[in-house]
1. How much length is gained if the chain between residue 64 and residue 1 is pulled fully straight, taking 0.36 nm per residue apart and subtracting their Cα-Cα distance, in nm to one decimal?
2. Using only the alpha carbons of segment 1-96, what is the convex hull's orientation-averaged projected area in square nanometres?
3. Once the whole set of protein chains is in place, how much accessible area is left on residue 167, using a 1.4 Å probe, in Å² to the nearest 10?
4. For the chain, what is the accessible area per residue in Å² when the probe is 1.4 Å?
5. Can you run the Rg to Rh ratio on segment 75-160? Use alpha carbon positions and the Kirkwood inverse-distance Rh.
6. Considering all alpha-carbon pairs of segment 121-167, what whole percent are spaced by more than 12 angstrom?
7. For residue 30, enumerate residues with amide H under 5 Å from its amide H, sequence gap 5+ or separate chain, H modeled in the peptide plane.
8. Using Cα-Cα distances under 8 Å and only pairs 6 or more residues apart, what relative contact order does segment 1-121 have, in percent?
Amino acid sequence: METILCLVAHPDDLAFCMGGTGYLLKDNYKLHIVCATKGEHGLPGRSARETARLREKEEKATCRLLRADLTFLGRIDGELYADVKTCCQVAALVKDVKPKTVFAMWPVDSHPDHSAAAEIAQKAVFLAGQKVDILYFEACMLTQTSQFKPDIYVDISCVVEKKRELL
């Protein structure tokens, strides 16, 4: 079975942004989710450690529903950038899983971690030296992603309830 690798910045990005598409793909492809951070700073009023534990648990549950492998890169929410170490770590994964396609967040986004995740994907594919298409998806916040003009639309109406389960 061919693999699709999906690189996201935070644990909720997969479910919010492309959970329906992931659900549609899971029966025909092996999914491998790469989550750069554990969203440590995503829950106001909670400590970074407590938030990371909760969001890691949620992302693992999402990946179980998608029958997806999951790799956390161990970077910190709000501090993500496309440094050599991170890009080489993802490049090694690309070489290992040999994905048919890499899904990544659209790079023009008001959240710098989302932009960094896109750059990491692009650099990692280059460093891996493999011919792999990168398909970009937008964040599900209408004011967050800009200049996104998709040429592929995925109808998730038949799995919209499954996407809600992922959330």
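The values are calculated or read from the model by the stated rules, or taken from the named source; none is laboratory data. Because the structure is a prediction, the values reported are computed rather than measured. Heads up: the accessible areas ignore ligands, DNA and RNA and are worked out on the full protein's heavy atoms, side chains in. Shrake-Rupley method; radii C 1.70, N 1.55, O 1.52, S 1.80 Å.
1. 20.9 nm
2. On the way: hull surface 24.5 nm².
Computed as one quarter of the Cα hull surface, the answer is 6.1 nm².
3. Near enough 100 Å² of accessible area.
4. Averaged over the residues of the chain, the accessible area is 54 Å².
5. That ratio equals 1.00.
6. Working: 809 of 1081 pairs.
Value for segment 121-167: 75 percent of Cα pairs lie more than 12 Å apart.
7. 2, 3, 4
8. 33 percent
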